[in-house]
1. Considering (1) in contact with a strand residue (DSSP E or B) (Cβ under 9 Å, 6 or more places away or on another chain); (2) part of a helix (DSSP H, G or I), say which one residue 112 fails and leave the rest.
2. Which residue is nearest to residue 54 (Cα to Cα), if the candidates are limited to region 120-132 and must be in contact (Cβ under 8 Å) with a residue 12 or more places away in the chain and surrounded by 15 or more Cβ atoms within 10 Å (Cβ to Cβ)?
3. Here is a list: 77, 124. Which entry is part of a helix (DSSP H, G or I) and touching a helix residue (DSSP H, G or I) at 6+ places or on another chain (Cβ under 7 Å)?
4. Given the structure, is residue 83 at pLDDT 95 or above, part of a loop (DSSP other than H, G, I, E, B) and within 17 Å of the chain's Cα centre (by Cα)?
5. Go through region 154-204 residue by residue and tally those that are under 24 Å from residue 131 (Cα atoms), in contact with a strand residue (DSSP E or B) (Cβ under 8 Å, 6 or more places away or on another chain) and outside any loop (DSSP other than H, G, I, E, B).
6. Go through region 87-98 and give me each residue that's in a helix (DSSP H, G or I) and surrounded by fewer than 17 Cβ atoms within 10 Å (Cβ to Cβ).
7. Collect the residues in region 130-153 that are closer than 18 Å to residue 176 by Cα and either part of a helix (DSSP H, G or I) or modelled with pLDDT of 95 or more (or both), keeping them in residue-number order.
């Protein structure tokens, strides 16, 4: 199916996330009561947790991802269901690459980032970025909004072809090409980004100004808490 036409929005590009305070929930093996497996709320959602596989910037499964089951806070899942319903009306669907991310996964990123000899997936994920600068440039940090449970990485899939829409870069591409306001992309790629962005904004999410795929529920229930239960 051809992509539905989107109107040019009057939204300014979202500001970066606020500094993250160091407040962690105790490590636990049990999912908290107000977190959900998102397939229970959105049965037709496409999910491919890339950190559960080797298909990510590290080139290996990441600590804490013991299954491919997407977890979010109940509030974030309910809001995401509204986005999915709007896309389904046009034979499109969301595809989620990451949702809740345990702190132990972030710690694994940090250890990987410090090993400058391990660059197995550089060509695919950070071809123009020196690995030694990943911390300084903000690609890796010691805390992630994903660990609060209401942040997700996602794109849009055309159900007729089964393929993601062309957004100009792959998910998790490190570089300015992934910024939502990057100019050197085609009109169709820009329209595809706007489609995703507009639907997410309309349904209560806020964007991130360096990744077209990254959104956080604006009224997230745990703005200061970072969880560490595994994805299983």
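1. (1)
2. Filtering region 120-132 for residues that are in contact (Cβ under 8 Å) with a residue 12 or more places away in the chain and surrounded by 15 or more Cβ atoms within 10 Å (Cβ to Cβ), the one nearest to residue 54 (Cα to Cα) comes out as 121.
3. Residue meeting the stated conditions: 77.
4. Taking the combined requirement at face value, the residue does not satisfy it.
5. Of the residues in region 154-204, 1 are under 24 Å from residue 131 (Cα atoms), in contact with a strand residue (DSSP E or B) (Cβ under 8 Å, 6 or more places away or on another chain) and outside any loop (DSSP other than H, G, I, E, B).
6. Within region 87-98, 88 is the sole residue that qualifies.
7. Correct list: 130, 131, 132, 133, 153.
So that you can scan it fast, the table gives a plain yes or no per residue for (1) in a helix (DSSP H, G or I); (2) modelled with pLDDT of 95 or more; (3) in contact with a helix residue (DSSP H, G or I) (Cβ under 7 Å, 6 or more places away or on another chain):
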{"site": "1", "(1), (2), (3)": "no, no, no"}
{"site": "7", "(1), (2), (3)": "no, no, no"}
{"site": "12", "(1), (2), (3)": "no, no, no"}
{"site": "18", "(1), (2), (3)": "no, no, no"}
{"site": "21", "(1), (2), (3)": "no, no, no"}
{"site": "26", "(1), (2), (3)": "no, no, no"}
{"site": "39", "(1), (2), (3)": "yes, yes, no"}
{"site": "54", "(1), (2), (3)": "no, yes, no"}
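The values are calculated or read from the model by the stated rules, or taken from the named source; none is laboratory data. As the structure is a computational prediction, the values presented were derived from the model and not from experiment. Using ideal geometry, Cβ is built from the backbone for each residue, glycine included, and neighbour counts are taken over all protein chains shown.
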